[in-house]
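Student: Have a look at this one.
The values are calculated or read from the model by the stated rules, or taken from the named source; none is laboratory data. Since we're looking at a predicted model, the values are computed, not measured. Cβ atoms come from the backbone with ideal geometry, glycine included; neighbour counts cover every protein chain shown.
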Ligand SMILES: *Cc1c(COP(=O)(O)O)cnc(C)c1O
């Protein structure tokens with residue numbers, strides 16, 4: 001028997017007994033033109049603003065106003081070591097030690113910096129493996145890296161495709177590919193959670209398979225960080241990069257995160273693109289001509305970071321520290337499971353869910369393929385105050401986020417969706 005029920009009372013009970021329900025009030029919920037709260041399911045694209053940010057931001061503006069350059073040392077949160085204030089939280093978030101993580105740059109920039117060091121193609125071993133339907137920026141990044149090294153993406157870029165008629169990749173198929181072709185693969189770099197299908201990959205097994213063939217293994221965690229628990233250190237992942245504005249609620253284009261496994265902390269022999277902020281802190285301000293990298297992830301920094309952006313990351317990470325990734329995942333499994341249950345309950349063939357059924361193979365997001373008139377359904381959802389995401393030609397992505405979405409949000413969404421696809425009879429509307 002299902003743990004869920006299709007009446008609105010069930011959603012109310014779930015919200016009433018949800019230990020994380022209070023976190024919603026720590027975020028600004030967007031409103032419709034009529035002034036009612038939106039149903040926000042777009043945390044996979046841009047997370048909501050923490051209410052605490054305004055005061056935290058004002059503090060930095062105030063310190064800059066009053067102290068000028070002295071703020072580097074005498075601001076309430078001194079700017080010089082500011083990125084270090086984030087290391088503990090980021091390490092907890094991705095399952096790493098603080099020296100393995102750093103907040104710097106933006107996601108695509110970090111992917112490039114990491115590939116400069118860890119994509120070292122040779123005539124025998126030169127391929128990069130990504131998943132089909134990888135995020136366009138990742139495709140452009142790997143294509144350009146391949147070309148930069150004088151290889152042809154036609155030969156050097158491998159996109160793993162699901163089996164015919166399936167929308168998710170099977171781990172055993174990924175492993176079989178690596179077993180067969182791994183000797184020619186320099187780098188495996190998948191999205192930890194694919195942005196389009198919402199599939200969560202078994203990063204531990206993929207890393208093990210890659211390493212058994214001598215490949216570097218990396219993940220783009222844009223859709224995984226803050227969405228699912230991660231153990232990057234224990235899994236042995238070589239490097240990983242993520243942005244902070246999706247599930248991490250740190251604001252549009254905010255500073256990204258980067259993980260470099262401890263085993264590479266002192267690989268000063270590898271090529272890297274350098275800047276002064278990656279230079280040994282003891283001697284950075286001697287401004288000498290020779291570069292000496294900091295040990296660990298910090299050694300890949302280029303510039304002194306944008307404090308007005310890091311303050312948003314810091315504020316958002318405090319919320320993650322309080323809530324805890326494990327508790328968030330527990331709620332997330334129920335919340336997304338509930339949405340999948342209700343959609344299934346509609347018993348409609350007007351749509352298909354692209355995201356794996358198995359909760360272990362997905363995070364928050366469900367990708368719904370609407371077979372006819374999807375664009376119209378999406379537009380009408382928008383008009384009803386639902387904020388979700390549209391991907392051409394027929395996909396609506398919906399992400400119930402455990403920090404600020406409720407079971408009643410999910411219920412209301414499915415009621416609206418049901419009406420728009422003509423399956424309204426299956427659910428009674430909220431009273
Ligand atoms: C969101 C996203 C990006 C965006 O890259 P930016 O450099 O932050 O603009 C890249 N890759 C993936 C997989 C994403 O989901």
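Student: List the residue pairs whose Cβ atoms are under 8 Å apart, where the first residue sits in region 62-77 and is closer than 18 Å to residue 309 by Cα and not assigned by TED's automatic domain parsing to the domain that holds residue 309, the second is surrounded by 11 or more Cβ atoms within 10 Å (Cβ to Cβ) and modelled with pLDDT of 95 or more, and the two are 6 or more positions apart or on different chains.
Tutor: Matching pairs, first to second residue: none at all.
Student: Sticking with this one: I need a count of the residues in region 93-127 that are more than 15 Å from the chain's Cα centre (by Cα) and part of a helix (DSSP H, G or I).
Tutor: Number of matching residues: 11.
Student: Does residue 148 meet the test of being within 30 Å of residue 67 (Cα to Cα) and assigned by TED's automatic domain parsing to the domain that holds residue 296?
Tutor: On the way: within 30 Å of residue 67 (Cα to Cα): no; assigned by TED's automatic domain parsing to the domain that holds residue 296: yes.
For residue 148, the condition - within 30 Å of residue 67 (Cα to Cα) and assigned by TED's automatic domain parsing to the domain that holds residue 296 - is not met.
Student: Out of the residues in region 202-253 that are surrounded by fewer than 18 Cβ atoms within 10 Å (Cβ to Cβ) and at positive phi, state the one that is farthest from the ligand (Cβ to nearest atom).
Tutor: Residue satisfying both the conditions and the ranking: 214.
Student: Right, something else. Any residue at all in region 130-139 that is more than 16 Å from the ligand (Cβ to nearest atom) and either modelled with pLDDT of 95 or more or touching a strand residue (DSSP E or B) at 6+ places or on another chain (Cβ under 9 Å) (or both)?
Tutor: The first filter runs over region 130-139 and keeps only residues more than 16 Å from the ligand (Cβ to nearest atom), leaving none.
Looking for residues that are more than 16 Å from the ligand (Cβ to nearest atom) and either modelled with pLDDT of 95 or more or touching a strand residue (DSSP E or B) at 6+ places or on another chain (Cβ under 9 Å) (or both), one finds none in region 130-139, hence no.
Student: If you go through region 306-318 one residue at a time, do you hit one that is under 24 Å from the mean Cα position of the chain (by Cα), within 23 Å of residue 200 (Cβ to Cβ) and surrounded by fewer than 19 Cβ atoms within 10 Å (Cβ to Cβ)?
Tutor: Filtering region 306-318 down to residues under 24 Å from the mean Cα position of the chain (by Cα) leaves 306-318.
If we keep only those that are within 23 Å of residue 200 (Cβ to Cβ) too, we end up with 316-317.
Then keep just the ones that are surrounded by fewer than 19 Cβ atoms within 10 Å (Cβ to Cβ); that gives none.
Within region 306-318, not a single residue is under 24 Å from the mean Cα position of the chain (by Cα), within 23 Å of residue 200 (Cβ to Cβ) and surrounded by fewer than 19 Cβ atoms within 10 Å (Cβ to Cβ).
Student: Something else: I'd like to know if region 261-268 contains one or more residues that are assigned by TED's automatic domain parsing to the domain that holds residue 94 and either modelled with pLDDT under 95 or within 16 Å of the ligand (Cβ to nearest atom) (or both). So that I can check it myself, show each step before the final result.
Tutor: At the first step, the residues of region 261-268 found to be assigned by TED's automatic domain parsing to the domain that holds residue 94 are 261-268.
Narrowing the set further to residues that are either modelled with pLDDT under 95 or within 16 Å of the ligand (Cβ to nearest atom) (or both) leaves none.
No, region 261-268 contains no residue that is assigned by TED's automatic domain parsing to the domain that holds residue 94 and either modelled with pLDDT under 95 or within 16 Å of the ligand (Cβ to nearest atom) (or both).
Student: Working carefully through the options 77, 44, 66, find the one that is over 23 Å from the mean Cα position of the chain (by Cα) and either crowded, with 17+ Cβ neighbours inside 10 Å or more than 25 Å from residue 325 (Cβ to Cβ) (or both).
Tutor: Numbers: 77 fails: either crowded, with 17+ Cβ neighbours inside 10 Å or more than 25 Å from residue 325 (Cβ to Cβ) (or both); 44 fails: over 23 Å from the mean Cα position of the chain (by Cα).
The unique qualifying residue is 66.
Student: Now for a separate question. Got a sec? Which of 168, 176, 156 is over 30 Å from residue 352 (Cβ atoms), more than 16 Å from the ligand (Cβ to nearest atom), at pLDDT 95 or above and surrounded by 12 or more Cβ atoms within 10 Å (Cβ to Cβ)? Give the steps one after another, and end with the answer.
Tutor: Values: 168 fails: over 30 Å from residue 352 (Cβ atoms); 176 fails: over 30 Å from residue 352 (Cβ atoms).
Just a single option satisfies the conditions, and that option is 156.
Student: Examine region 363-375 for a residue that is buried (at least 18 other Cβ atoms within 10 Å of the Cβ) and over 30 Å from residue 164 (Cβ atoms), and state whether such a residue exists.
Tutor: No, there is no match, as no residue in region 363-375 is buried (at least 18 other Cβ atoms within 10 Å of the Cβ) and over 30 Å from residue 164 (Cβ atoms).
Student: Within the bounds of region 115-127, is there any residue that is under 26 Å from residue 257 (Cα atoms), buried (at least 23 other Cβ atoms within 10 Å of the Cβ) and within 13 Å of the ligand (Cβ to nearest atom)?
Tutor: Checking region 115-127: not a single residue is under 26 Å from residue 257 (Cα atoms), buried (at least 23 other Cβ atoms within 10 Å of the Cβ) and within 13 Å of the ligand (Cβ to nearest atom).
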